[in-house]
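J.: Just passing along the structure, written as structure tokens.
The values are calculated or read from the model by the stated rules, or taken from the named source; none is laboratory data. Just so you know, these numbers come straight off a predicted model, no measurement behind them. Don't worry about glycine lacking a Cβ; one is built from the backbone with ideal geometry, like all the others, and counts go over all protein chains shown. Note: accessible area is taken over every heavy atom of the protein model, side chains too, but ligands, DNA and RNA are not part of it. Shrake-Rupley method; radii C 1.70, N 1.55, O 1.52, S 1.80 Å.
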Number of protein chains: 2
Amino acid sequence: MSLVVVGSVAYDGVETPHGKVERMLGGACTYISLAASFFTSVKIVAVVGDDFAQEDLDLLRSRGIDLEGLERVPGKTFYWAGTYSADMNDRVTLTTDLNVFADFNPKLPPSYRSAPYLLLGNIQPALQRGVRAQMNGTRFVGGDTMNYWIRDYRDELLATIREWDFLLINDSEARMLAGEHNLRRAAEKILGMGPHTLVIKRGEYGAILFQGGEHFMVPGFLLEDVFDPTGAGDSFAGGFMGYLAERGIDPRQGDIRHQELRRAVIYGSVMGSFCCEKFGVDRFRNLTRAEIDGRYREFKAFTDF
Amino acid sequence: MSLVVVGSVAYDGVETPHGKVERMLGGACTYISLAASFFTSVKIVAVVGDDFAQEDLDLLRSRGIDLEGLERVPGKTFYWAGTYSADMNDRVTLTTDLNVFADFNPKLPPSYRSAPYLLLGNIQPALQRGVRAQMNGTRFVGGDTMNYWIRDYRDELLATIREWDFLLINDSEARMLAGEHNLRRAAEKILGMGPHTLVIKRGEYGAILFQGGEHFMVPGFLLEDVFDPTGAGDSFAGGFMGYLAERGIDPRQGDIRHQELRRAVIYGSVMGSFCCEKFGVDRFRNLTRAEIDGRYREFKAFTDF
């Protein structure tokens, strides 16, 4: 069933120990929608400038992604550049040129409004909330946020996530949001803020799902080479939500089966791991569903006892 | 079947965000043997000073630990003191008084020499090697080491682990030993140094087993409170080897069943997690096998998909 994804479409400049790319397709919405497109039909809401390349439109289209909500305005596309540490656990932002993204005010085409799934990438909480309000009959809504909104837009963020089914954030963000270092207690506090489902991403160490009084932990896939971790968290989100949409999970009908959420976390982990294997979105250019399902089985094999 | 454990028996001074203890029973041999004692009969080889308290001997005896190889010499017992950071991921050593441990030269009582299992705690590699040479017919031998020996006693360490079945070290030590940041490639290099089995401990993030061309990953147990992480890695080693000894695994007879090693890693993780729940060895004073097996089932429950 169809999934609406809202967030940034950008150009990134990335340097890792494996190389450097001055300018390549990036942005949360891009990674989420590409990852999700292997599971379900995806409609994106984003804004780009008039410098946005035809080949990048073509890539998104080739994955069947609906671009009716991709606004094109005069000016330059959001540009971000960063460089990773030798072990790739830290990165330094070198450039953030918001450009046309500074005035992003997501408007949903009428054809999007009845989509049953909505995934809100990391943008200002008030904008995320505004998108939610434009939807009719959404079954399942959730998203991501970041330290900046948690620290400086706390009330706005809390009003926003109160309406979400799930929140998907990393461990340091979870700790900051809850004001609690211990992840188990932090998760309890966050589940009191609205979402019934919380996924905490831990980078190379995997992820934790909290839902229905249970938790589920999965280690990160042990890659032989991490070429570029940019977008791995967003690809996780795309795989997670893409799988739920594919399965047609409907929480309004009491249809949240915890086991399905666990499988969604594995598919999220699978997509995050593939993302790191090449620069930018390159791994998604010719990834196949057979490879995805193969890696899902690998997760089973290396965690089973 | 019986297990010989060699290493330090010490007094520790520990400060964590949960409190401070000036002096309590500690040392690698202590944690390993207490943890292993829940699975198999344990014989220890260690040295203490004449200040070693009767109540500490009584605790070890109460767990059925054979103390024939616990040498008592004039002087003071090894003393270590350290303080943990707020998140307990770092610690600073405040005091290391080797005392009688400085002249430790482990000698095995004759009754120990035919024990089928040998676990060598972190001591100078040449001493570990000397202990190995005193054993007859040992089926399964392995141990721990640390950054100091890896950096400054590399050749001695390599000659020592060449004779081991397994090496059990943490991730930064594995990287240092292999000269390789990527854990998957580091593991391949280490498995070329002698041991057929490698366990990499990752603290709160769990552990990875490499053996027989396969790997197995387990996340760390999500504790509500970590009171004191001191000894968690040694408790892991005790649970890991204790379980293998209990099961009677014999690699000389081609008896290394990978699935059993996976279960041993879980029992190691279980014992490491219990260790953190109280200061020092306190959690082991009245822990039961039923609690241990209960937590094993919890690992199953929170990792299954």
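J.: How many percent of the accessible area of segment B:141-220 is carbon or sulfur, using a 1.4 Å probe?
T.: Answer for segment B:141-220: carbon and sulfur cover 47 percent of the accessible area.
J.: Before we go on, tell me the buried accessible area for the B/A pair, both chains summed, 1.4 Å probe, in Å² to the nearest 100.
T.: When B and A are taken together, about 3400 Å² of accessible area is lost.
J.: With a 1.4 Å probe and all protein chains left in place, how much accessible area per residue does the protein assembly as shown have, in Å²?
T.: Here the residues of the protein assembly as shown average 37 Å² of exposed surface.
J.: What percent antiparallel are the DSSP beta bridges of segment A:160-305, to the nearest 5?
T.: 65
J.: Can you give the % of DSSP beta bridges in chain A that are antiparallel, to the nearest 5?
T.: 45
J.: Work out the charge dipole of the protein assembly as shown with +1 on the Cβ of Lys and Arg and -1 on the Cβ of Asp and Glu about the Cα centre, then indicate which of A:Ala126, B:Ile65, A:Ile190 is farthest towards its positive end.
T.: Highest projection toward the positive end goes to B:Ile65.
J.: Compute the Rg/Rh shape ratio of segment A:146-231: radius of gyration over Kirkwood radius, all on alpha-carbon atoms.
T.: Working: Rg = 13.6 Å, Rh = 13.6 Å.
In segment A:146-231, Rg relative to Rh is 1.00.
J.: About its Cα centre, what dipole magnitude does chain A give when the only charges are +1 on Lys and Arg Cβ and -1 on Asp and Glu Cβ, stated in debye to the nearest 20? Provide the component values of the computation, followed by the final result.
T.: Values: 34 positive and 41 negative charges, 180 e Å.
Magnitude of the dipole: close to 860 debye.
J.: May I ask you to find the residues of segment B:212-229 that are shielded by at least 50 Å² of accessible area once the whole protein assembly is considered instead of their isolated chain (probe 1.4 Å)?
T.: Residues meeting the cut-off: B:Met217, B:Pro219, B:Leu222, B:Glu224.
J.: I would also like to ask the following. Quick one: pull the percent of accessible area on segment B:1-103 belonging to carbon and sulfur, 1.4 Å probe, ligands and nucleic acids left out. The partial results should precede the final answer.
T.: On the way: 2020 of 4260 Å².
Roughly 47 percent, rounded to a whole number.
J.: Go through segment A:276-305 and flag every residue whose accessible area shrinks by 30 Å² or more with all protein chains in place compared to the isolated chain (probe 1.4 Å).
T.: Buried on complex formation: A:Lys300, A:Phe302, A:Thr303, A:Asp304, A:Phe305.
J.: Determine Rg/Rh for segment A:1-146; Rg is computed over alpha-carbon atoms and Rh is the Kirkwood hydrodynamic estimate from the same atoms.
T.: My calculation of the ratio gives 0.98.
J.: How large is the convex hull of the Cα atoms of the protein assembly as shown per residue, expressed in Å³ as a whole number?
T.: Hull volume over Cα atoms, normalised by residue count, gives 145 Å³.
J.: Report, ordered by chain and residue number, the lysines lying within cross-link reach of B:Lys43, taken as a straight Cα distance under 21 Å and ignoring same-chain residues fewer than 8 apart.
T.: The qualifying lysines are B:Lys107.
J.: Please report, in cubic angstrom per residue, the volume enclosed by the convex hull of the alpha-carbon atoms of segment B:261-305.
T.: Values: hull volume 3.0 nm³, N = 45.
Normalising the Cα hull of segment B:261-305 by residue number yields 66 Å³.
J.: Tell me which lysines have Cα within less than 23 Å of B:Lys278's Cα, excluding those fewer than 8 residues away on the same chain?
T.: B:Lys20, B:Lys201
J.: Let me ask something else. Give the nm distances, rounded to one decimal, from A:Glu214 to the matching residue in every other copy, measuring between label points 7 Å along Cα toward the beta carbon; shortest first.
T.: When each copy's label point is compared with this one, the spacings are 2.4 nm.
J.: Let me ask something else. Please check: in the Gaussian network model of chain A (C-alpha springs, under 10 Å), which one of A:Thr230, A:Thr83, A:Thr197 has the largest mean-square fluctuation.
T.: A:Thr83
J.: In addition: Considering Cα pairs under 8 angstrom that are at least six residues apart, work out the relative contact order of chain B and quote it in whole percent.
T.: It rounds to 18 percent for chain B.
J.: Can you list the HN-Hα couplings for segment A:138-150, worked out from phi with the Karplus curve (6.51, -1.76, 1.60; θ = phi - 60°), rounded to whole Hz and with x for Gly and Pro?
T.: Along segment A:138-150, the couplings run 4, 7, 8, 9, x, x, 10, 8, 8, 3, 4, 6, 5 Hz.
J.: Still on this model: All other residues with a Cβ under 15 Å from the Cβ of A:Leu3 taken together, and with Lys, Arg as +1 and Asp, Glu as -1, what is their net charge?
T.: Value of the local net charge: -1.
J.: Under DSSP H, which helices of chain B have Cα atoms covering 18 Å or more of the helix axis and a Kyte-Doolittle average no less than -1.0?
T.: The answer, listed by residue number, is B:232-247, B:258-275.
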